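The values are calculated or read from the model by the stated rules, or taken from the named source; none is laboratory data. For clarity, every value in this text was computed on a predicted model and none was experimentally measured. For the accessible areas, the whole protein counts, side chains as well, though only heavy atoms, and no ligand, DNA or RNA atoms are used. Shrake-Rupley method; radii C 1.70, N 1.55, O 1.52, S 1.80 Å.
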Amino acid sequence: MPTATLVWTLAAAIATFVIAAVVVGREAHRLDAVAPRSVYIPEEAAEFVAEYLPEAAQARLTPDDLDQLLTFHMRWLHSKGLQPSNVVDRRQDISTPVVIQEETLVAYLLGEAERAGIEILDDVDVVSVVDAHLAYFAAIGAVGPQAAPDDVI
């Protein structure tokens, strides 16, 4: 009788190991295909950008102005398809690369700031905000690789 018990115990241990290995392997494969989660926290972004800005820009932009510029930037990204609404456990399926040109973004933000009545004393402040916001995206892992020169038109 002890031999039968030993055989059944050994069989149960092997079956448990096989089941665990299959489940772990399957989940590892699934997670490898899913985009990493980059969480954008508006308050954290505003704080990061405010600290990253040069002192002159910090003196000229109010916190409310900065928040509005960051909101305009996020809206611009959404209009370009770079801020999809359903990203949890979504497979990486970017078939057409999207290239962001900072000059276009700065022009858009200047126009939106004027439309919203934000007084921009120096256009370089908006350039600094864009640079700082893109640095925040890089810090949280939300930026892809830099485009090759022939991809930029």
_Apportionment of accessible area to carbon and sulfur, segment 1-78, percent (1.4 Å)_ = 68 percent
*Hey, what's segment 4-66 come to in accessible area per residue, 1.4 Å probe, Å²?*
76 Å²
_Potential extension, residue 30-residue 75 segment - 0.36 nm per residue separation minus Cα distance_ = 13.1 nm
